[in-house]
Amino acid sequence: MTSISVKKKVKKPMQRDIAFPIVNGIILIALMFITLFPVLNTVAISFNDGIDAVRGGIGLWPRQFSTEAYNTLLSDKLTWNAFGISVARTVITTLLNLLFTSMLAFALSRKEFVLRKFITLAVVLTMYVNAGLIPNYLLISKTLKLSKTFWVYIIPTMFSCFNMIVIRTYITGLPEALVESARIDGANDMRIFWQIIFPLCMPVLATVALFVAVGSWNQWFDTQLYNGGKKYLHTLQYLLKMKLATSMNTANAANASVDALANQAAAKSTPITIRCAITVVSALPILVVYPFLQRYFVTGMVLGGVKG
């Protein structure tokens, strides 16, 4: 009797162990499908014939394959110029933002720095007190005279208070013994930052870099404010926004004119396919860069950094 009862008790946890991975896998697969369906559907519509896409009902595969939406976007030389402006802006902004933000974060993390609390308070106040759009516009365009220049994309975004707080919090969690041992060996603050602190901050720097890069890549409002009249300084997001507005105006004209409708049918591109193609083109660079930064997200802060 005792052996039979023991066997019954052993079987139940084994059955639960087998059932949990199966149920967990089914749930994760369902969530993955729910997450990927809008993305794949957008890609399918972007490669579909424009007139046919108006009918709707497109799933994960184009019903009538066509690349006219991408031809409309990529055939314009301004698109490639805007792409270069956006890439240059994103790369330069990300590098400078990481440089200045991490250096200030390291300085404010040092307890021996006398003005640490005062500077931290002054910087944090900028997160809560903002002069508004008009004063910022007057400052950037009139005082700094950055309007109609490429540097209007770079200089106002070289520092982020929120990112500084995130990096400083990460640095304060690093073992102080690393800094103390470096000072004993005669290293100054600059050498400590570049050779010890900076390499150990790669996980948080990669996270911040992704945030800054995505924000810079998706930005278009500053182009409309400061460089709307300079086509050679248009960013990709702003140019795609203007193309979408143009396609919408064409569709509205097509509803009122038989000739315009015929021209739109001949072009085989509609606002639906243009909008989906714009979404794919604008999101593709971020999707390409993200896997290279993902490996830094899950890692130990100082694994093996201090050895007893």
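Can you name the number of the only condition in (1) surrounded by 13 or more Cβ atoms within 10 Å (Cβ to Cβ); (2) outside any helix (DSSP H, G or I) that V114 fails?
Here V114 meets the rest and fails (1).
Sort out which residues of the range 217-247 are touching a helix residue (DSSP H, G or I) at 6+ places or on another chain (Cβ under 7 Å) and of a type in the set (S, T, N, Q), and write them in order of number. First the steps, then the outcome.
In the first step, residues of the range 217-247 are kept if they are touching a helix residue (DSSP H, G or I) at 6+ places or on another chain (Cβ under 7 Å); the result is 217-220, 222-227, 231-240, 243-244, 247.
Correct list: N218, Q219, T223, Q224, N227, T235, Q237, S247.
Scan L108, L74, L139 and give me the residue that is of a type in the set (A, V, I, L, M) and within 30 Å of I197 (Cα to Cα). Write out each step before concluding.
Values: L74 fails: within 30 Å of I197 (Cα to Cα); L139 fails: within 30 Å of I197 (Cα to Cα).
None of the other options fit; the residue is L108.
Condition check: closer than 26 Å to E180 by Cβ, touching a residue at least 40 places away in the same chain (Cβ under 8 Å) and part of a helix (DSSP H, G or I). Does L104 satisfy that?
Details: closer than 26 Å to E180 by Cβ: yes; touching a residue at least 40 places away in the same chain (Cβ under 8 Å): yes; part of a helix (DSSP H, G or I): yes.
Yes, satisfied.
For the range 173-221, list the helices (runs of 4 or more DSSP H) that sit wholly inside it and hold at least 3 residues that are over 30 Å from L233 (Cβ atoms) and out of contact with any Ser or Thr (no Cβ under 9 Å at 6 or more places or on another chain); which are they?
Details: elements: 176-184, 189-192, 202-218.
Qualifying helices (runs of 4 or more DSSP H): 176-184, 189-192.
Given the conditions (1) modelled with pLDDT under 85; (2) within 16 Å of S66 (Cβ to Cβ); (3) out of contact with any Pro (no Cβ under 8 Å at 6 or more places or on another chain); (4) assigned to a helix (DSSP H, G or I), which single one is not true for S247?
For S247, the exception is condition (3).
Taking the criterion of being surrounded by fewer than 16 Cβ atoms within 10 Å (Cβ to Cβ) and aromatic (F, W, Y), would at least one residue in the range 101-108 satisfy it?
Scanning the range 101-108 turns up no residue that is surrounded by fewer than 16 Cβ atoms within 10 Å (Cβ to Cβ) and aromatic (F, W, Y).
Any idea which of I192, I184 is loosely packed, with under 13 Cβ neighbours inside 10 Å and among the aliphatic types (A, V, I, L, M)?
After applying the criteria, what remains is I184.
Would you kindly identify the helices (runs of 4 or more DSSP H) lying entirely within the range 1-76 that contain at least 3 residues that are of a type in the set (A, V, I, L, M) and at pLDDT 85 or above?
Values: elements: 2-46, 50-53, 68-74.
In the range 1-76, 2-46 are the helices (runs of 4 or more DSSP H) which contain 3 or more residues that are of a type in the set (A, V, I, L, M) and at pLDDT 85 or above.
Would you check if L95 is part of a helix (DSSP H, G or I), on the phi < 0 side of the Ramachandran plot, of a type outside the set (K, R) and modelled with pLDDT under 90? Lay out the reasoning, then the answer.
Numbers: part of a helix (DSSP H, G or I): yes; on the phi < 0 side of the Ramachandran plot: yes; of a type outside the set (K, R): yes; modelled with pLDDT under 90: no.
No: the conditions fail for L95.
Of all residues in the range 198-216 being under 30 Å from A82 (Cβ atoms) and not hydrophobic (A, V, I, L, M, F, W, C), which is surrounded by the most Cβ atoms within 10 Å (Cβ to Cβ)?
First, the residues of the range 198-216 that are under 30 Å from A82 (Cβ atoms): 205-216.
Add one more test, that the residue is not hydrophobic (A, V, I, L, M, F, W, C), and what stays is 207, 215-216.
Numbers: T207: 17, G215: 15, S216: 21.
Filtering first and then ranking leaves S216.
Filtering the range 139-172 down to residues that are buried (at least 19 other Cβ atoms within 10 Å of the Cβ) and hydroxyl-bearing (S, T, Y), which residue is nearest to F100 (Cα to Cα)?
S160
Could you figure out which of (1) farther than 25 Å from K241 by Cβ; (2) over 21 Å from the mean Cα position of the chain (by Cα); (3) of a type in the set (A, V, I, L, M) isn't true of L133?
(1)
For N81, indicate whether it is surrounded by fewer than 18 Cβ atoms within 10 Å (Cβ to Cβ) and touching a residue at least 24 places away in the same chain (Cβ under 8 Å). Break it down into steps so the answer makes sense when it comes.
On the way: surrounded by fewer than 18 Cβ atoms within 10 Å (Cβ to Cβ): yes; touching a residue at least 24 places away in the same chain (Cβ under 8 Å): yes.
So N81 passes the test.
The values are calculated or read from the model by the stated rules, or taken from the named source; none is laboratory data. All values reported here derive from a predicted model rather than from experimental measurement. Note that we place each Cβ from the backbone using ideal geometry, even for glycine, and neighbour counts take in every protein chain shown.
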